[in-house]
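To keep things clear, I will list the structure first and then write my remarks on it.
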Amino acid sequence: MGFTNQQGMFIEQTLLIQKGVSNVPLLIRQTDPIDSKMSHPNAKVVEHKFGLGVVATGPIKKDELIASFDGEIYCGETNDDFPEEILNYPITFGPDRARNSKSIANKLNHACSPNCGIHGDFDIVAMRDIKEGEELCWDYDMSEDHDWSMECGCGSPECRKLIHGFRHLSHAKKAEYKGYISNWIVKAHGLES
Ligand SMILES: C[S@@+](CC[C@H](N)C(=O)[O-])C[C@H]1O[C@@H](n2cnc3c(N)ncnc32)[C@H](O)[C@@H]1O
Ligand SMILES: [Zn+2]
């Protein structure tokens, strides 16, 4: 079994690496490296109190692409569906779908006062002009709305301490993030894009 990518190359599909508790194949699609988008030249992975993080090594303009989730696609509905080594990295793009990255996209940390957001389902973009030296962060609740949570240590005065889904965001935050909320959340909540 497999699929054909945009370049017409046939990619073999790995249907099963491990079953989650929902008893569905966890890894449902591998992707071709040549489908990757380039990460922003001024975004660099650095050591961080949370392991790794990403900082700006030069100016980045509002709405410029930082990096894309362009990797394997997984199926799972709860934390328990994902092995520890996968759980913390992919972006959610449906009630039971998540996608990892081959680029630096999965190295950006969460912040409750972020400078980055999501375009479409997979692209991390700058939400405002960013200066050299700033850490690049997005709010994971821009794409999360299933049975998942993370304790936050971002240190922002606005820190919510517990990150547990878009539905828990205040009306003010939802309004602030307009244009930077993951496509599947916009559709699921009947929001204007
Ligand atoms: C997508 S990874 C980000 C890169 C990660 N720091 C690394 O070293 O590869 C997400 C993980 O980073 C950590 N993390 C990111 N933002 C955090 C935050 N605001 N507070 C606490 N931990 C955070 C958590 O372990 C989370 O599961
Ligand atoms: Zn926080």
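Values quoted throughout were computed directly from the atomic coordinates according to the rules given, and no laboratory measurement underlies them. Keep in mind that what you see is a predicted model, and the values were worked out from it rather than measured. Note that each Cβ is placed from the backbone with ideal geometry, even for glycine, and that neighbours are counted across all protein chains shown.
Couple of notes before you dig in:
- Straight-line cross-link partners of K37 among the aspartates and glutamates, defined as a Cα under 18 Å from its Cα and at least 8 positions apart when in the same chain: D63, E64, D70, E72, D121, D123.
- The shape of segment 35-193 comes out rounded: with a ≥ b ≥ c from the C-alpha gyration tensor, a/c is under 1.5.
- Cβ-defined net charge surrounding H164, 13 Å radius [Lys, Arg +1; Asp, Glu -1]: -3
- For segment 98-142, the set of GluC sites (Glu not before Pro) satisfying both a DSSP loop assignment and a count of at most 11 other C-beta atoms within 10 Å is given as E132.
- Beyond 24 Å in Cα-Cα separation lie the following of the pairs K44/K131; K102/K178; K102/K173: K102/K178; K102/K173.
- Long-range HN-HN contacts of H48 with modeled amide H, under 5 Å: G53
- Cα gyration tensor shape of segment 110-193, rounded if a/c is under 1.5, else prolate or oblate by comparing a/b with b/c: oblate
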